[in-house]
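Data first, discussion second: the structure below is written as structure tokens.
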Ligand code: DC
């Protein structure tokens, strides 16, 4: 069972306005959540005290929402609250993630839920970005876009094509024709290269180094950034990477930059990799991390840099859950 929230405001207190507003709100909730009538268990409505012309529950019944329990109540008259506002909570038998619907003047009530929001999460390798990104996405019911996976796929494409990485024109030719897609299945990101799911193949130390290398080419970055901006404009998501706050979404209102010492980052990677059965030693991981930091920070185009308006979080002494919680709190403070 899920509770789906929503609200709208009316242009005037007339029966027709209440009918139109309630119908628009409930229809939007039903369509956006792909709900069948039988899945709706009950609809709880409330209205501000300035609505006197028609019960919102009656308007809901007239709009065809008549197979479930309907209830409407009057909200207290609070100073400064929205005028002519109808709020709703729809209880539905579904396991799917739900979409809240805030329309008209009520959008201002929950900007985080009613508009596409993007969160930029940057930091060096092993700073915990991808774990934190997934936790934040889950808490806010949005997608998590791992942009590093895209550069990794670009590197894999070059590897499979047998190009010489030092030859810019060869890399460019391959990347020009790359067929790269990002899809989500059960909330998990899949990276598709030429139609093949390469999510596993791109997680090797060799691809980590190659991704860092090819990501320095402007043409590679242009291609990836274009795709990232397209996804970010369509869905609410948290993007983790190196240049999200500085380059991909410079106007993004929520920017975070994670840091941790190279030793702590290497230790985390070592522990994670050991669980996956990898035999790479701590020393070799630390060496890779330092090398990648050097490459990512010193490249000419969109280097790893903290945006001036990003919130910096030193994660050295924090758990991923604590970092995710801190990010969610900072977002709520700003909304
Ligand atoms: O986050 P990751 O380790 O999966 O990223 C792999 C490489 O891709 C990283 O070393 C640098 C590059 N990258 C980038 O240049 N810009 C991004 N937004 C994300 C990753």
Rounded, prolate or oblate, given the Cα gyration tensor of the range 246-285, with a/c below 1.5 counting as rounded? prolate
Under the 0.36 nm per residue contour assumption, what length would be gained going from the current alpha-carbon distance of residue 173 and residue 38 to full extension? 43.2 nm
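Could you calculate the FRET efficiency of residue 284 with residue 11 from 1/(1 + (r/R0)^6), where r is the beta carbon distance between them and R0 is 51 Å, rounded to 0.05?
Working: r = 66 Å, r/R0 = 1.30.
Plugging the Cβ-Cβ distance into 1/(1 + (r/R0)^6) gives 0.15.
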Place a point 7 Å from the Cα of residue 49 along the Cα-to-Cβ direction; which residues of the range 65-82 have their backbone N under 19 Å from it? 72-82
Compute the acute angle (0 to 90°) between the alpha-carbon long axis of helix 147-161 and the principal axis of greatest extent of the alpha-carbon atoms of the chain; round to the nearest 10°. 40
Dividing the convex hull volume of the alpha carbon atoms of the range 143-186 by its residue count, what do you get in Å³ per residue? 76
With an 8 Å Cα cut-off and a minimum separation of 6 or more residues, compute the relative contact order for the chain in percent. 19
Cα axis of helix 15-32 to longest principal axis of the chain: angle in degrees, 0 to 90, nearest 10? 30
Springs between alpha-carbon pairs under 10 angstrom, Gaussian network model over the chain: which of 127, 73, 236 fluctuates most? 73
Using a Gaussian network model on the chain with a 10 Å cutoff between Cα atoms, which of 93, 172, 38 fluctuates the most? 38
For the chain, set up a Gaussian network in which alpha carbons nearer than 10 Å are linked by springs, and say which option among 185, 242, 152 fluctuates the most. 185
Where does the chain land at 222 nm, in deg cm²/dmol rounded to the nearest 500, when only DSSP H runs of n ≥ 4 count, each adding -39500 (n - 2.57), divided by all residues? -13000 deg cm²/dmol
What percent of all Cα-Cα pairs in the range 82-220 falls into each 5 Å bin, going from 0 up to the bin containing the maximum distance? 2, 8, 15, 16, 14, 12, 9, 8, 6, 5, 3, 1, 0, 0
So what's the angle, to the nearest 10 degrees on a 0 to 90 scale, between helix 262-275 and the longest Cα principal axis of the chain? 80
Would you kindly give the portion of the calculated P(r) for the range 197-283 that falls above 20 Å, as a percent of all Cα pairs? 52
Cα-derived Rg to Rh of the range 47-137, Kirkwood definition: 1.13
Averaging over every viewing direction, what projected area does the convex hull of the Cα atoms of the chain cover, in nm²? 19.7
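Read the figures in this text as sums done on the coordinates, not as results from a lab. Just so it is clear, the structure is predicted and the values come from calculations on it, not from any experiment. Heads up, the Cβs are rebuilt from the backbone with ideal geometry, glycines too, and the neighbour counts pull from every protein chain shown.
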